[in-house]
């Protein structure tokens with residue numbers, strides 16, 4: 001292993017916060033990482049870490065080396081991307097991340113067709129509802145709802161994300177069809193809830209164009225989209241849902257839109273996020289394939305909701 005490789009290993013240790021995590025990611029023993037960092041210190045002639053039995057901290061020299069290691073990784077990445085763009089056919093490994101639901105419903109069909117077209121491209125799909133550091137994880141392309149907090153990343157909006165309030169015919173038979181949004185406060189609802197996000201209200205514009213929020217009475221909360229839809233289909237709750245969660249349930253009459261005269265505020269759009277403007281050809285082609293599949297003007301999922309373009313636009 002040369003000095004460059006050891007510097008990148010050192011950077012990974014710092015980004016992941018421990019020798020053990022860096023070793024696990026590389027599928028090697030922790031002692032190998034420790035020995036290579038010691039060898040790096042010997043080569044550079046400076047101490048990079050102050051170590052104890054349980055933790056470590058960067059020395060002043062270590063902090064400077066981390067900056068240089070980050071610049072080195074960026075330079076190497078740019079070099080590889082430049083070379084890849086000279087390939088006549090896309091090849092190599094494409095690393096993608098998305099939430100489990102988006103990955104299953106909207107990315108897998110694209111992946112299957114993409115690899116038929118470009119069999120020399122290998123794809124690694126990290127399905128996670130937790131936002132990962134796409135730089136340290138080596139992710140080429142992430143698909144997420146909402147813009148990233150990291151302003152150094154590139155984010156491109158690829159699809160709008162409208163709300164729809166839905167319930168089953170059995171729910172309406174039991175509780176009646178609500179006529180005013182205020183009535184939702186007393187009706188049982190499902191809601192999305194995770195360690196990062198809890199949805200407890202429905203934002204909308206009233207007749208005067210003022211922004212309001214209607215609190216909901218959530219009796220079932222989960223971070224699993226399929227469970228939210230299944231619970232709604234059971235007839236025991238209604239759901240103020242992102243439209244991309246709906247498949248054919250509305251078209252088939254198993255779910256019915258409620259309060260369609262209300263002007264609902266859109267949710268955060270879906271974005272494609274990537275670390276560099278200069279995309280390798282395989283990444284650029286996959287990005288284009290996803291945009292084509294989802295629909296550039298009208299998102300794919302809105303096609304499954306009859307007359308959706310006229311719903312929730314205000315009376």
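General remarks:
- The residue that is farthest from residue 273 (Cα to Cα), among those in segment 57-100 that are part of a loop (DSSP other than H, G, I, E, B) and modelled with pLDDT of 80 or more, is 59.
- Single unsatisfied condition, residue 290 versus (1) modelled with pLDDT of 95 or more; (2) surrounded by fewer than 14 Cβ atoms within 10 Å (Cβ to Cβ); (3) under 19 Å from the mean Cα position of the chain (by Cα): (2)
- Selection count, segment 257-292, where residues are more than 29 Å from residue 307 (Cβ to Cβ), out of contact with any helix residue (DSSP H, G or I) (no Cβ under 9 Å at 6 or more places or on another chain) and in a strand (DSSP E or B): 1
- Residue satisfying condition, being in contact with a helix residue (DSSP H, G or I) (Cβ under 8 Å, 6 or more places away or on another chain) and more than 25 Å from residue 305 (Cβ to Cβ), within set 153, 141, 187: 141
- Segment 1-25, residues that are within 28 Å of the chain's Cα centre (by Cα) and free of Cβ contacts under 8 Å to residues at least 12 places away in the same chain: 17, 18, 20, 21, 23, 24
- Some residue of segment 188-198 being loosely packed, with under 15 Cβ neighbours inside 10 Å, within 30 Å of residue 286 (Cβ to Cβ) and not assigned by TED's automatic domain parsing to the domain that holds residue 244: no
The values are calculated or read from the model by the stated rules, or taken from the named source; none is laboratory data. In this text the structure is predicted, and so the values were computed from the model without any measurement. Here Cβ is always computed from backbone atoms with ideal geometry, including for glycine, and neighbour counts include all displayed protein chains.
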